[in-house]
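The values are calculated or read from the model by the stated rules, or taken from the named source; none is laboratory data. Model, not experiment: these values are computed from the prediction. Glycine gets a Cβ as well: all are built from the backbone with ideal geometry, and neighbour counts include every protein chain shown. When the accessible area is computed, the model is the full protein with side chains, heavy atoms only, and any ligands, DNA or RNA have been set aside. Shrake-Rupley method; radii C 1.70, N 1.55, O 1.52, S 1.80 Å.
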Amino acid sequence: MTHSDELLAVCARHTRAENDDVVIREAYLPYVPPNWNGLLVLAEAQNLSERNGDYVERLKALDSRGRMKRLYAGASTGVAPWDDGSLKLAVESAFGADCSQTAVSNAVPWSRRRDDGSNANPSSEMCDWAVAFWKDVLPLLRPERVITAGKVAREVIERADSTGSICRTSLRLPSPQAMSRVSGMFRKDDLLLRYPEVRRIVDLHPEWKASLNKVFYACHAVSCASSDRGLPNKPVPRTPFGRS
(Lines give C-alpha, C1' and ligand atoms only; values in the text may rest on other atoms or scores of the structure.)
Protein backbone atom coordinates (compact mmCIF):
# COMPACT_ATOMS: atom_id res chain seq x y z
CA MET A 1 0.00 0.00 0.00
CA THR A 2 1.40 3.41 -0.99
CA HIS A 3 1.45 6.41 1.34
CA SER A 4 -1.40 7.98 -0.63
CA ASP A 5 -3.40 4.73 -0.38
CA GLU A 6 -2.91 4.72 3.40
CA LEU A 7 -4.32 8.23 3.61
CA LEU A 8 -7.24 7.33 1.37
CA ALA A 9 -7.93 4.36 3.66
CA VAL A 10 -8.08 6.81 6.59
CA CYS A 11 -10.59 8.94 4.67
CA ALA A 12 -12.67 5.83 3.96
CA ARG A 13 -12.69 4.87 7.65
CA HIS A 14 -13.90 8.33 8.56
CA THR A 15 -16.69 8.55 5.97
CA ARG A 16 -19.84 9.56 7.82
CA ALA A 17 -23.09 7.60 7.96
CA GLU A 18 -26.05 8.43 5.74
CA ASN A 19 -27.96 10.01 8.64
CA ASP A 20 -25.14 12.30 9.79
CA ASP A 21 -25.86 15.99 9.26
CA VAL A 22 -23.21 16.72 6.62
CA VAL A 23 -23.38 17.78 2.96
CA ILE A 24 -20.76 15.31 1.68
CA ARG A 25 -20.06 12.22 3.79
CA GLU A 26 -16.45 11.58 2.75
CA ALA A 27 -13.50 13.16 4.55
CA TYR A 28 -10.82 14.35 2.14
CA LEU A 29 -7.05 14.32 1.72
CA PRO A 30 -5.03 17.45 2.45
CA TYR A 31 -3.55 18.89 -0.73
CA VAL A 32 0.17 18.07 -0.52
CA PRO A 33 2.38 19.20 -3.44
CA PRO A 34 5.05 16.83 -4.78
CA ASN A 35 7.86 19.11 -3.52
CA TRP A 36 6.33 19.59 -0.06
CA ASN A 37 8.26 21.84 2.33
CA GLY A 38 6.77 20.30 5.48
CA LEU A 39 4.30 23.10 6.28
CA LEU A 40 0.61 22.22 6.60
CA VAL A 41 -1.90 25.10 6.61
CA LEU A 42 -5.40 24.42 7.91
CA ALA A 43 -8.45 26.64 7.62
CA GLU A 44 -11.69 25.56 9.31
CA ALA A 45 -14.20 23.91 6.91
CA GLN A 46 -15.45 24.21 3.36
CA ASN A 47 -18.47 26.40 2.69
CA LEU A 48 -20.86 24.00 0.95
CA SER A 49 -23.94 26.18 1.24
CA GLU A 50 -26.57 26.36 -1.49
CA ARG A 51 -24.69 29.39 -2.81
CA ASN A 52 -21.89 26.98 -3.74
CA GLY A 53 -24.31 24.44 -5.13
CA ASP A 54 -22.48 24.01 -8.44
CA TYR A 55 -19.36 22.87 -6.60
CA VAL A 56 -21.41 20.51 -4.43
CA GLU A 57 -23.04 18.98 -7.50
CA ARG A 58 -19.60 18.41 -9.05
CA LEU A 59 -18.53 16.63 -5.88
CA LYS A 60 -21.65 14.47 -5.89
CA ALA A 61 -20.96 13.50 -9.51
CA LEU A 62 -17.58 12.04 -8.50
CA ASP A 63 -17.06 8.57 -7.07
CA SER A 64 -16.13 8.20 -3.39
CA ARG A 65 -12.38 8.24 -4.12
CA GLY A 66 -12.79 11.39 -6.20
CA ARG A 67 -14.58 13.15 -3.34
CA MET A 68 -11.73 12.15 -1.00
CA LYS A 69 -9.24 13.72 -3.46
CA ARG A 70 -11.34 16.84 -4.11
CA LEU A 71 -8.54 19.29 -3.23
CA TYR A 72 -6.50 17.85 -6.13
CA ALA A 73 -9.27 18.29 -8.70
CA GLY A 74 -8.46 21.68 -10.24
CA ALA A 75 -6.37 24.83 -10.33
CA SER A 76 -7.96 26.01 -7.06
CA THR A 77 -8.01 23.79 -3.99
CA GLY A 78 -11.46 24.56 -2.64
CA VAL A 79 -9.98 26.03 0.59
CA ALA A 80 -11.37 29.56 0.20
CA PRO A 81 -8.91 31.69 2.24
CA TRP A 82 -6.03 29.88 0.53
CA ASP A 83 -7.43 30.26 -2.97
CA ASP A 84 -8.16 33.98 -2.53
CA GLY A 85 -4.54 34.63 -1.52
CA SER A 86 -5.12 35.58 2.14
CA LEU A 87 -3.35 32.57 3.64
CA LYS A 88 -0.77 32.40 0.85
CA LEU A 89 0.34 35.97 1.51
CA ALA A 90 0.41 35.34 5.26
CA VAL A 91 2.43 32.12 5.02
CA GLU A 92 5.01 33.43 2.58
CA SER A 93 5.42 36.64 4.61
CA ALA A 94 5.66 34.98 8.02
CA PHE A 95 7.67 31.84 7.23
CA GLY A 96 9.67 32.67 4.12
CA ALA A 97 7.98 29.68 2.52
CA ASP A 98 6.92 29.08 -1.08
CA CYS A 99 3.15 28.53 -1.06
CA SER A 100 3.46 26.27 -4.14
CA GLN A 101 5.39 23.87 -1.88
CA THR A 102 3.00 24.16 1.08
CA ALA A 103 0.25 21.67 2.00
CA VAL A 104 -3.25 22.95 2.69
CA SER A 105 -6.60 21.66 3.90
CA ASN A 106 -9.35 22.31 6.43
CA ALA A 107 -9.29 21.10 10.02
CA VAL A 108 -12.88 19.83 9.76
CA PRO A 109 -13.20 17.82 6.52
CA TRP A 110 -17.01 17.92 6.47
CA SER A 111 -19.54 20.72 6.11
CA ARG A 112 -23.16 21.28 7.08
CA ARG A 113 -25.99 23.65 6.17
CA ARG A 114 -28.65 25.47 8.10
CA ASP A 115 -32.29 24.81 7.28
CA ASP A 116 -32.30 27.83 4.96
CA GLY A 117 -29.40 26.39 2.93
CA SER A 118 -26.75 28.77 4.27
CA ASN A 119 -23.40 27.60 5.60
CA ALA A 120 -23.30 26.43 9.23
CA ASN A 121 -20.22 26.38 11.43
CA PRO A 122 -18.90 22.93 12.39
CA SER A 123 -20.79 21.47 15.34
CA SER A 124 -19.00 20.15 18.43
CA GLU A 125 -19.74 16.63 17.20
CA MET A 126 -18.10 17.39 13.85
CA CYS A 127 -15.05 18.72 15.70
CA ASP A 128 -14.88 15.45 17.66
CA TRP A 129 -14.94 13.54 14.36
CA ALA A 130 -12.18 15.82 13.04
CA VAL A 131 -9.97 15.17 16.07
CA ALA A 132 -10.23 11.42 15.45
CA PHE A 133 -9.49 11.96 11.75
CA TRP A 134 -6.32 13.99 12.37
CA LYS A 135 -5.12 11.52 15.01
CA ASP A 136 -4.95 9.03 12.14
CA VAL A 137 -3.63 11.45 9.50
CA LEU A 138 -0.86 13.31 11.35
CA PRO A 139 1.36 10.26 12.04
CA LEU A 140 1.21 9.37 8.34
CA LEU A 141 1.73 12.90 7.05
CA ARG A 142 4.35 13.97 9.64
CA PRO A 143 4.27 17.74 8.98
CA GLU A 144 7.16 19.85 10.24
CA ARG A 145 4.75 22.58 11.31
CA VAL A 146 0.98 22.98 11.32
CA ILE A 147 -0.35 26.52 10.83
CA THR A 148 -3.97 26.79 11.93
CA ALA A 149 -6.30 29.62 10.95
CA GLY A 150 -9.14 30.12 13.37
CA LYS A 151 -10.23 28.81 16.76
CA VAL A 152 -11.87 25.65 15.41
CA ALA A 153 -8.72 24.59 13.54
CA ARG A 154 -6.50 25.41 16.52
CA GLU A 155 -8.60 23.40 18.97
CA VAL A 156 -8.95 20.39 16.65
CA ILE A 157 -5.19 20.12 16.12
CA GLU A 158 -4.39 20.77 19.78
CA ARG A 159 -6.63 17.85 20.71
CA ALA A 160 -5.38 15.60 17.90
CA ASP A 161 -1.75 16.29 18.85
CA SER A 162 -2.31 15.98 22.60
CA THR A 163 1.38 15.25 23.31
CA GLY A 164 2.49 18.49 21.61
CA SER A 165 4.91 16.65 19.33
CA ILE A 166 4.20 18.86 16.28
CA CYS A 167 5.30 22.49 16.02
CA ARG A 168 2.23 24.69 15.65
CA THR A 169 1.49 28.32 14.88
CA SER A 170 -2.02 29.60 15.52
CA LEU A 171 -3.46 32.47 13.48
CA ARG A 172 -6.85 34.12 13.51
CA LEU A 173 -9.33 33.16 10.81
CA PRO A 174 -8.97 35.55 7.84
CA SER A 175 -12.68 36.33 7.73
CA PRO A 176 -13.18 39.51 5.68
CA GLN A 177 -15.89 40.66 8.09
CA ALA A 178 -13.70 40.12 11.16
CA MET A 179 -10.65 41.72 9.53
CA SER A 180 -12.61 44.78 8.41
CA ARG A 181 -13.58 45.60 11.98
CA VAL A 182 -9.95 46.34 12.79
CA SER A 183 -8.02 46.79 9.53
CA GLY A 184 -9.77 50.06 8.75
CA MET A 185 -7.85 51.69 11.58
CA PHE A 186 -4.66 51.34 9.52
CA ARG A 187 -3.39 52.54 6.16
CA LYS A 188 -2.15 49.80 3.85
CA ASP A 189 0.94 51.75 2.78
CA ASP A 190 1.91 52.33 6.40
CA LEU A 191 1.55 48.62 7.23
CA LEU A 192 3.70 47.71 4.23
CA LEU A 193 6.34 50.20 5.35
CA ARG A 194 6.42 48.76 8.87
CA TYR A 195 6.29 45.11 7.73
CA PRO A 196 8.87 44.74 4.94
CA GLU A 197 8.37 40.96 4.96
CA VAL A 198 4.81 41.52 3.77
CA ARG A 199 5.75 44.23 1.28
CA ARG A 200 8.27 41.89 -0.39
CA ILE A 201 5.62 39.19 -0.96
CA VAL A 202 3.00 41.71 -2.10
CA ASP A 203 5.47 42.92 -4.74
CA LEU A 204 6.28 39.33 -5.78
CA HIS A 205 2.64 38.31 -6.17
CA PRO A 206 0.45 41.07 -7.63
CA GLU A 207 -1.98 38.33 -8.74
CA TRP A 208 -3.06 37.93 -5.09
CA LYS A 209 -4.56 41.44 -5.19
CA ALA A 210 -3.37 42.44 -1.74
CA SER A 211 -6.25 44.39 -0.23
CA LEU A 212 -5.95 46.16 3.13
CA ASN A 213 -7.54 43.12 4.80
CA LYS A 214 -5.02 40.71 3.27
CA VAL A 215 -2.08 42.92 4.18
CA PHE A 216 -3.38 43.38 7.72
CA TYR A 217 -3.78 39.61 8.09
CA ALA A 218 -0.27 38.95 6.76
CA CYS A 219 1.12 41.41 9.32
CA HIS A 220 -0.77 39.49 12.02
CA ALA A 221 0.88 36.27 10.79
CA VAL A 222 4.37 37.82 10.83
CA SER A 223 3.78 38.97 14.39
CA CYS A 224 2.53 35.55 15.52
CA ALA A 225 5.45 33.75 13.89
CA SER A 226 8.14 36.22 15.02
CA SER A 227 9.72 33.72 17.40
CA ASP A 228 9.79 30.78 15.00
CA ARG A 229 9.91 32.25 11.51
CA GLY A 230 11.40 30.06 8.80
CA LEU A 231 11.36 26.40 7.89
CA PRO A 232 12.97 23.73 10.06
CA ASN A 233 16.67 23.12 9.33
CA LYS A 234 16.33 19.34 8.98
CA PRO A 235 13.17 18.47 7.09
CA VAL A 236 11.88 14.90 7.37
CA PRO A 237 12.19 12.94 4.07
CA ARG A 238 8.88 13.14 2.22
CA THR A 239 6.86 10.72 0.18
CA PRO A 240 6.01 12.44 -3.13
CA PHE A 241 2.43 13.54 -3.64
CA GLY A 242 0.83 14.52 -6.90
CA ARG A 243 -2.43 14.92 -8.73
CA SER A 244 -2.54 11.38 -10.08
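Observations
- Verdict on LEU7 being in a helix (DSSP H, G or I) and either of a type in the set (S, T, N, Q) or open to solvent by less than 30 Å² (accessible area, probe 1.4 Å) (or both): yes
- Tally, over the stretch 101-139, of residues that are under 25 Å from PRO33 (Cα atoms) and open to solvent by less than 70 Å² (accessible area, probe 1.4 Å): 19
- Among residues of the stretch 212-238 being hydroxyl-bearing (Ser, Thr, Tyr) and within 20 Å of the chain's Cα centre (by Cα), the one that is modelled with the highest pLDDT is TYR217.
- First in the stretch 45-73 and modelled with pLDDT of 95 or more, second anywhere and in a helix (DSSP H, G or I) and open to solvent by 20 Å² or more (accessible area, probe 1.4 Å), Cβ under 6 Å, 6 or more apart: LEU59/ARG67
- Test set (1) surrounded by fewer than 21 Cβ atoms within 10 Å (Cβ to Cβ); (2) among the aliphatic types (A, V, I, L, M); (3) closer than 15 Å to ALA132 by Cα - VAL23 fails condition number: (3)
- Counting only helices (runs of 4 or more DSSP H) that sit wholly inside the stretch 146-221, those with at least 1 residues that are in contact with a Pro (Cβ under 8 Å, 6 or more places away or on another chain) are 151-160.
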